[in-house]
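Peer 1: Structure incoming, see below.
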Amino acid sequence: QVQLVESGGGLVQAGGALRLSCAASGSIFSINAMGWYRQAPGKQRELVAAMTRGRGTNYVDSVKGRFTISRDNAKNLVYLQMNNLKPEDTAVYYCAVQGRSGSLRPLVDYWGQGTQVTVSS
């Protein structure tokens, strides 16, 4: 079993900043990509940012220049620094990790429980 625990969500005014953290633990043999998704009410879940083990990154256009993803491979941690937050960033943010529980095990996507981010105008 692999567990992802997120922290750092909350309520912030527009223009403010938050930092999300996600710690992966449990039966982890290796981790490939780590990333963050979000889902706003009435909308589909979307990829916000992702980082490969080699630190290649991908961001949704709406957060480019405002959000930064980073990771600590040694500690199986991933972060999302969110600056200049806007009301449209309001959503539940989910940590996602692609990994294996053993050398011969298949790649599996693991998900956190989600953390609420609310940006007031």
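The values are calculated or read from the model by the stated rules, or taken from the named source; none is laboratory data. No experiment lies behind these values; they were computed from the predicted model shown. Glycine also receives a Cβ, built like all others from the backbone with ideal geometry; neighbour counts cover every protein chain displayed. With ligands, DNA and RNA removed, areas are computed over all heavy atoms of the protein, side chains included. Shrake-Rupley method; radii C 1.70, N 1.55, O 1.52, S 1.80 Å.
Peer 1: Please give every one of the aspartates and glutamates within straight-line cross-link reach of Lys43, meaning a C-alpha to C-alpha distance under 14 Å, and leave out same-chain neighbours fewer than 8 residues apart.
Peer 2: Glu88, Asp89
Peer 1: Tell me the net charge near Ala49. Cut-off is 11 Å between Cβ atoms, Ala49 excluded, with +1 for each Lys or Arg and -1 for each Asp or Glu.
Peer 2: Charge balance near Ala49 sits at +3.
Peer 1: Continuing with this model, one more query. Given a 1.4 Å probe, how much area per residue of the chain is accessible, in Å²?
Peer 2: Working: 6410 Å² over 121 residues.
Per residue, the chain has an accessible area of 53 Å².
Peer 1: What percentage of the solvent-accessible surface of region 17-97, computed with a 1.4 Å probe over protein heavy atoms, is contributed by carbon and sulfur atoms?
Peer 2: The value for region 17-97 is 48 percent carbon and sulfur by accessible area.
Peer 1: Here is a further query. Would you please report the Å³ per residue occupied by the convex hull of the alpha carbon atoms in the chain?
Peer 2: Convex hull of Cα atoms, per residue: 95 Å³.
Peer 1: Using packing as a proxy for protection, rank 67-78, 87-98, 7-18 so that the peptide with the highest average count of other Cβ atoms within 10 Å comes first. Walk me through the numbers on the way to the answer.
Peer 2: Working: 67-78: 16.8, 87-98: 19.3, 7-18: 14.3.
By packing density, highest mean first, the sequence is 87-98, 67-78, 7-18.
Peer 1: Can you tell me, using C-alpha contacts under 8 Å and at least 6 residues apart, the relative contact order of region 35-121 as a whole percent?
Peer 2: Relative contact order, region 35-121: 26 percent.
Peer 1: Here is a follow-up. Within the set of other residues whose C-beta is less than 10 Å from the C-beta of Tyr94, count the net charge using Lys and Arg as +1 and Asp and Glu as -1.
Peer 2: For residues surrounding Tyr94, the net value is +1.
Peer 1: Which of the aspartates and glutamates could a cross-linker span from Lys75 if the Cα-Cα distance has to be under 17 Å and same-chain partners fewer than 8 positions apart are dropped?
Peer 2: Candidates past the 8-residue exclusion: Glu6.
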